1. I'd like to check something: does the range 363-379 contain any residue that is surrounded by 15 or more Cβ atoms within 10 Å (Cβ to Cβ), in contact with a His (Cβ under 9 Å, 6 or more places away or on another chain) and in contact (Cβ under 8 Å) with a residue 24 or more places away in the chain?
2. Among the listed residues Glu147, Glu155, Glu227, which satisfies the condition of being closer than 24 Å to Leu79 by Cα and surrounded by 14 or more Cβ atoms within 10 Å (Cβ to Cβ)?
3. Just checking, which of Ala176, Ala162, Ala112 is surrounded by 17 or more Cβ atoms within 10 Å (Cβ to Cβ), within 21 Å of Gly12 (Cβ to Cβ) and within 16 Å of the ligand (Cβ to nearest atom)?
4. Kindly evaluate Leu228 against the criterion of being among the aliphatic types (A, V, I, L, M), more than 12 Å from the ligand (Cβ to nearest atom) and closer than 20 Å to Leu305 by Cα.
5. Where residues in the range 249-277 are away from the ligand (no atom under 15 Å from the Cβ) and either hydrophobic (A, V, I, L, M, F, W, C) or surrounded by fewer than 17 Cβ atoms within 10 Å (Cβ to Cβ) (or both), which of them is nearest to Gly94 (Cα to Cα)?
6. Scan (1) assigned to a loop (DSSP other than H, G, I, E, B); (2) more than 11 Å from the ligand (Cβ to nearest atom); (3) free of Cβ contacts under 8 Å to residues at least 40 places away in the same chain; (4) of a type outside the set (D, E, K, R) for the single condition Leu127 breaks and write down its number.
7. Give the residue that is farthest from the ligand (Cβ to nearest atom), with candidates limited to residues of the range 234-248 that are touching a residue at least 60 places away in the same chain (Cβ under 8 Å) and over 13 Å from Asn417 (Cα atoms).
8. Counting residues that are at pLDDT 95 or above and within 20 Å of Val151 (Cα to Cα), which helices (runs of 4 or more DSSP H) fully inside the range 29-111 reach at least 3?
Amino acid sequence: MESSTARITIIGCGYVGLVTGACFADAGYRVRCYDVDAARLRNLAAGRLPIFEPGLAELVSRNLPQKGLSFVDEMGRALEDAQFVFLCLPTPQGENGETDLRALQDGVARIAPLLPKEALLVIKSTLPVGQGDAIEAQLRAARPDWEGEVVSNPEFLTEGTAVADFQKPARVVVGAAGAAAADAVASLYEPFVRTGSPILRVSRRSAEIAKYAANYALATRISMMNELAALSEKLGANIDDVRRIVGADSRIGPRYLFAGAGFGGSCLPKDLASLRLQAGSLKLPMASAVLEVNESQRERIARKLRALLDRPLKDARVALWGLSFKPETDDVREAPAVYLADYLLKQGARVVAFDPKVDSLDRAGLGGGLELATGAYAACEGAHALAVMTEWNLFRKPDFARVREAMSNPAVLDARNLYDPEAMRSLGFAYECVGARG
Ligand code: UGA
């Protein structure tokens, strides 16, 4: 008897593809994952992951072959008898802010001749609005016999909590023209929405734009708070108090209201830049302002650090705590810490960083300049200032007596507002945070 288990193929074993594949396999579906990087597939088959994401390695190992998850290095074999093909290929930012579609287009061209006749092509990659139509047209031209459909199913995973986000989504979005295709994709998510999260069936273009809209909304809240942080400093208020008051209003809610070093990562900055380009003559002045405030926040952080130092930057040694763009990830793309390090190095400072998960500087793109310490206190050795750039748990309650002892000049820039200003000053530190007078 033929099995009734859904047969899914994942194209692209990056962060989105792996989380999607592992979570679907865990729900009992048969999942085959393909990637152009054969070494990556071999490592995955042995349970070794290319990224750090809490809970993901366990989920992958638990579902390896006998439970239905496999990594296949031949596209034809990966696609054979698939009912759902999930496109999880990277769509990074090109040089002028546009979306670089090369990996995606290459993937679609290679999939086209091998796609099973009735398979649905489900797009998880973030794509400029209307690209779903273009891909469908391309597939129909290449495969007149293909009876499937292109469905947009954007991801709303947050790095660091991606597995939980997938397994307990706030909503699932299915953008499709046909009701049968929408129902089929929606049914895959039933095990994950038992607590009542909605599965929203919309048009493909609405799904595509909603993905950008969600990141736009999050970025807007952060930039608004960073702008208000500057104002609070100027007018003698405290942004943290302002945040608690504003966030207690159920119409607003408490999340994504933390002022800090500015938003980073591979999604918020990229998606906003792409949306502006897609808008063309509409221009989206508000999206531009959100990006502009974020840029100024990075500059403000750099100025604050310079003001804390007891000497010119070219003679200074600066310790950085945290390189990743946020805790619980080793991702340094668009990380505020990397921006600061780059600025400091260009000014001739010596920069020594410690991050619990970033153990190589290759991905930070900082060349040979930045040094990595083996521990948080070691990074502070002889430093003239310490900048706390990522709110890893490890940095929340450090032994400040030890930090002061190690430093040549006790000065702390708390870019994530982790510490109590009074307590820091009584410990003998020159101290600056974000959104309150230092
Ligand atoms: C973001 C979205 O949150 C996800 O929903 C989305 O699926 C994902 O992009 C994507 O498009 O793939 P992510 O990039 O993992 O997820 O990061 P966030 O947790 O949203 O944080 C983004 C940046 O904002 C970080 O640098 C963080 O430090 C900063 N942030 C966040 C603040 O400065 N203040 C806050 O209150 C919250």
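The values are calculated or read from the model by the stated rules, or taken from the named source; none is laboratory data. Small disclaimer: the values here were computed from a predicted structure and weren't measured. Backbone-built Cβ (ideal geometry, glycine too); neighbour counts: all protein chains shown.
1. Among the residues of the range 363-379, not one is surrounded by 15 or more Cβ atoms within 10 Å (Cβ to Cβ), in contact with a His (Cβ under 9 Å, 6 or more places away or on another chain) and in contact (Cβ under 8 Å) with a residue 24 or more places away in the chain, which makes the answer no.
2. Glu155
3. Just one listed residue meets the conditions, Ala162.
4. In short, yes.
5. Among them, the one singled out is Leu277.
6. Condition (3) is where Leu127 drops out.
7. Gly236
8. Numbers: elements: 38-45, 56-63, 75-79, 102-111.
Passing ranges, in order: 102-111.
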